[in-house]
Amino acid sequence: MTSRFEPVIIGFLCNWCSYTGADLAGVARLQYPPNLRPIRVMCSGMVHPDLVMKAFSAGADGVIILGCHPGACHYVEGNTKAVARADVISMVLGDIGVDPRRFELQWISSAEASVFAQVVTSFTRRIKRLGPYKRKI
Ligand code: FES
């Protein structure tokens, strides 16, 4: 049976890598689900956990942060900070009863259009399987 549920997925995309990768995916006409609502940020390390919580409380069914690969962050250690924050975010989500699988951090370079399409497709499928997020925060 196919789900008719179309999740709202908020994506925080680093300007220097994943946002450009997403752009390239569009130019290359790669297919991926239209559920992602991209928000361009200058670095994955700038995405404070509060923003992720606000996205969920505003109705997101899933949140994904996409940044530069380790060693490629334009602000040197921004993505290292993103990893530390992602661990905290996952822990807090679990503590407040939100399935941590609704959140993900991934690395996508500006040249990885096909990886972008795969990651978005895979994450969207996962959120569809989990079903709508019932607001608890
Ligand atoms: Fe892309 Fe820091 S500049 S993750």
Which condition number does Arg29 fail, the rest of (1) in contact (Cβ under 8 Å) with a residue 24 or more places away in the chain; (2) more than 12 Å from the chain's Cα centre (by Cα) being met? (1)
For the structure I just gave you, tell me whether Pro70 is exposed (fewer than 13 other Cβ atoms within 10 Å of the Cβ), outside any strand (DSSP E or B), of a type outside the set (Lys, Arg) and near the ligand (Cβ under 10 Å from one of its atoms). yes
Being out of contact with any helix residue (DSSP H, G or I) (no Cβ under 7 Å at 6 or more places or on another chain), loosely packed, with under 15 Cβ neighbours inside 10 Å and closer than 21 Å to Ile127 by Cβ, is that true of even one residue in segment 3-25? yes
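Just to be sure before I move on: is Gly97 more than 13 Å from Asn35 (Cβ to Cβ) and in contact with a Lys or Arg (Cβ under 7 Å, 6 or more places away or on another chain) in the structure I sent? Please lay out each step first, then the result.
On the way: more than 13 Å from Asn35 (Cβ to Cβ): yes; in contact with a Lys or Arg (Cβ under 7 Å, 6 or more places away or on another chain): yes.
Considered against the rule, which asks whether it is more than 13 Å from Asn35 (Cβ to Cβ) and in contact with a Lys or Arg (Cβ under 7 Å, 6 or more places away or on another chain), Gly97 comes out as yes.
Restricting segment 37-49 to residues that are assigned to a loop (DSSP other than H, G, I, E, B) and within 9 Å of the ligand (Cβ to nearest atom), which is nearest to Val92 (Cα to Cα)? If you could, list the steps in order and put the result at the bottom.
The first filter runs over segment 37-49 and keeps only residues assigned to a loop (DSSP other than H, G, I, E, B), leaving 42-43, 47-48.
Within this subset, residues satisfying the condition of being within 9 Å of the ligand (Cβ to nearest atom) are 42-43.
Numbers: Met42: 24, Cys43: 22 Å.
Within segment 37-49, the match that is nearest to Val92 (Cα to Cα) is Cys43.
Residues Asp95, Asp50, Asp99: which one is modelled with pLDDT under 95 and of a type in the set (Asp, Glu)? Show your work before the answer.
On the way: Asp50 fails: modelled with pLDDT under 95; Asp99 fails: modelled with pLDDT under 95.
Of the residues listed, the single one that is modelled with pLDDT under 95 and of a type in the set (Asp, Glu) is Asp95.
Just to be sure I understand, how many residues within segment 2-30 are assigned to a loop (DSSP other than H, G, I, E, B) and modelled with pLDDT of 95 or more? Quick ask: steps written out before the conclusion?
The first filter runs over segment 2-30 and keeps only residues assigned to a loop (DSSP other than H, G, I, E, B), leaving 2-8, 15-17, 28-30.
From the residues that got through so far, the ones that are modelled with pLDDT of 95 or more too are 6-8, 15-17, 28-30.
Qualifying residue count, segment 2-30: 9.
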Got a sec? Which of Val115, Val119, Val52 is touching a residue at least 60 places away in the same chain (Cβ under 8 Å), within 16 Å of the ligand (Cβ to nearest atom) and in a helix (DSSP H, G or I)? Val115
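The values are calculated or read from the model by the stated rules, or taken from the named source; none is laboratory data. Treat the numbers as computed from the prediction; the structure is a model and nothing was measured. Heads up, the Cβs are rebuilt from the backbone with ideal geometry, glycines too, and the neighbour counts pull from every protein chain shown.
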